[in-house]
1. Of the conditions (1) on the phi > 0 side of the Ramachandran plot; (2) surrounded by fewer than 18 Cβ atoms within 10 Å (Cβ to Cβ), residue 45 clears all except one; give me its number.
2. Do we have residue 120 as out of contact with any helix residue (DSSP H, G or I) (no Cβ under 8 Å at 6 or more places or on another chain) and either within 17 Å of residue 27 (Cβ to Cβ) or part of a helix (DSSP H, G or I) (or both) here?
3. If you check residue 259 against the conditions, is it out of contact with any Pro (no Cβ under 9 Å at 6 or more places or on another chain), at pLDDT 80 or above, surrounded by fewer than 20 Cβ atoms within 10 Å (Cβ to Cβ) and within 19 Å of residue 300 (Cβ to Cβ)?
4. It is to be established whether one or more residues within region 15-38 are surrounded by fewer than 20 Cβ atoms within 10 Å (Cβ to Cβ) and either hydroxyl-bearing (Ser, Thr, Tyr) or not assigned by TED's automatic domain parsing to the domain that holds residue 114 (or both).
5. When only residues in region 1-14 that are touching a Gly at 6+ places or on another chain (Cβ under 6 Å) and small (Gly, Ala, Ser) count, which is surrounded by the most Cβ atoms within 10 Å (Cβ to Cβ)?
6. Name every residue in region 369-396 that is at pLDDT 85 or above and assigned to a loop (DSSP other than H, G, I, E, B), in order of residue number.
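The values are calculated or read from the model by the stated rules, or taken from the named source; none is laboratory data. Given the structure is predicted, the values throughout are model-derived calculations rather than measurements. In this analysis, Cβ positions are derived from the backbone assuming ideal geometry, glycine residues included, and neighbour counts consider all displayed protein chains.
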Amino acid sequence: MTALDTDTIAAIATARGNGPVGIIRLSGPDSLAIALALSGSELTPRYAHFRSFLDNEGKTIDSGLAIYFPGPNSFTGDDVVEIQGHGGHIVLQALLSRCIELGARQARPGEFSERSFINGKIDLLQAEAIADLITAETETAAKLASASLSGAFSVLVSDLSSQLNELRALTEASIDFPEEDIDVLERHSVVSRLSDCNATIEQLLNDVAASQRKTQHYLAVLIGAPNAGKSSLLNALSGDDIAIVTDVPGTTRDTLKQSIKAGAVVLDLIDTAGIRQTEDVIEQEGVKRAKSSSQTADLVLYIIDDNEPQEINTEWLPDSAINIQVLNKIDISGKQAGVLPSHGETRCVAVSAKKGDGIDALIQTIEDSLLVQGAQDSVFSARQRHVDALSEAHHALTESLLAFEHHNAGELLAEDLKRVQTEIDSLTGRVASDDILGLIFSSFCIGK
């Protein structure tokens with residue numbers, strides 16, 4: 001038996017800081033005994049009991065609810081007890097210290113979810129979805145993580161793994177009976193079905209990449225001539241007075257960064273100094289930083305004063321960035337707010353950052369520009385680990401099918417299929433190294 005099987009862990013399961021309710025979670029074989037010592041009375045499974053929680057002298061630390069979930073029908077699969085008390089940091093720490101005094105140890109980050117995974121309550125995709133749900137920054141990200149937690153991604157991967165396992169067995173059977181090798185493979189349409197599996201992997205890869213686009217942070221840079229209204233637009237998009245706004249050109253001299261939500265996406269939005277030739281050393285550095293920030297941008301918002309247009313040289317902008325031209329100050333110029341005809345691949349939106357006109361249209365244009373190639377239809381959360389595994393599986397199976405087409409070598413096909421299935425099974429954690437598990441669960445909060 002490992003330490004994971006035999007010891008009892010405890011942690012504060014609610015967020016740091018003071019609140020009306022705080023939760024201490026226990027998991028392991030001694031959970032009930034510790035709860036009995038803490039509360040001084042028996043607990044009926046799955047009933048909420050109002051109890052006083054006592055220190056080693058029998059004095060009350062706090063009072064609240066105690067709920068006992070006997071394993072294996074609990075979140076972790078072990079015996080679990082939740083102690084719900086008042087949410088002050090001091091009282092919660094006192095309760096946790098008492099649990100540790102009674103024999104529990106402080107849980108590591110993500111250890112409750114890790115136990116749930118080890119005990120077969122959830123797979124690795126669902127475990128990651130727990131962390132993604134907790135850290136979701138948009139409603140879209142939360143919905144995608146919730147879908148993964150419910151098993152939407154896992155079902156697809158498990159079905160694919162089952163198909164690969166069957167086809168691998170047939171391929172290995174053709175090796176064991178070489179005189180029938182073509183018959184076995186042809187009779188069961190192994191190559192055709194492997195091609196279908198590869199198409200499924202490719203579709204999953206597209207879905208995963210699309211989900212990533214919906215949940216990642218995008219770097220967006222505001223550029224333009226001095227006094228075009230870049231800082232005003234930053235304030236309008238963020239809904240707060242983040243940047244100083246004056247009528248004096250060159251007010252912004254350094255880059256200013258703010259994370260904002262633009263529809264279903266999160267932008268790390270950078271306000272920059274106005275681009276112009278200047279003798280001012282400080283302003284020159286601001287222009288230099290503006291150009292430097294733009295080189296790694298996913299999105300460039302080029303702001304133009306529609307009342308007094310001053311175009312700037314944009315040859316230094318990266319080809320990889322999406323460009324949106326924003327005609328600002330239409331409250332002065334009189335132009336209609338909203339989306340305008342595009343200039344080639346550059347979309348164009350008319351706004352008044354000061355009045356707020358056209359801002360919703362700009363946000364929608366930003367979202368539409370970034371969420372391309374099927375991202376609107378993604379149905380589960382995803383991580384770079386998933387992209388890497390599916391990419392490797394797709395590449396390996398593609399190469400394997402091409403090689404088999406030329407050489408009809410069942411032994412090589414079987415070996416390649418083993419590698420493909422290993423990559424697919426790594427998604428759910430059916431095949432996973434301790435290093436990978438440690439990396440995943442260490443990113444969780446302690447009480448989860």
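1. (1)
2. Yes.
3. yes
4. No, region 15-38 contains no residue that is surrounded by fewer than 20 Cβ atoms within 10 Å (Cβ to Cβ) and either hydroxyl-bearing (Ser, Thr, Tyr) or not assigned by TED's automatic domain parsing to the domain that holds residue 114 (or both).
5. 11
6. Scanning region 369-396 gives 380, 381, 382, 383.
Residue by residue, here is whether (1) buried (at least 18 other Cβ atoms within 10 Å of the Cβ); (2) modelled with pLDDT under 90 holds:
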{"position": "142", "(1), (2)": "no, yes"}
{"position": "149", "(1), (2)": "yes, no"}
{"position": "156", "(1), (2)": "yes, no"}
{"position": "159", "(1), (2)": "no, no"}
{"position": "167", "(1), (2)": "yes, yes"}
{"position": "180", "(1), (2)": "no, yes"}
{"position": "186", "(1), (2)": "no, yes"}
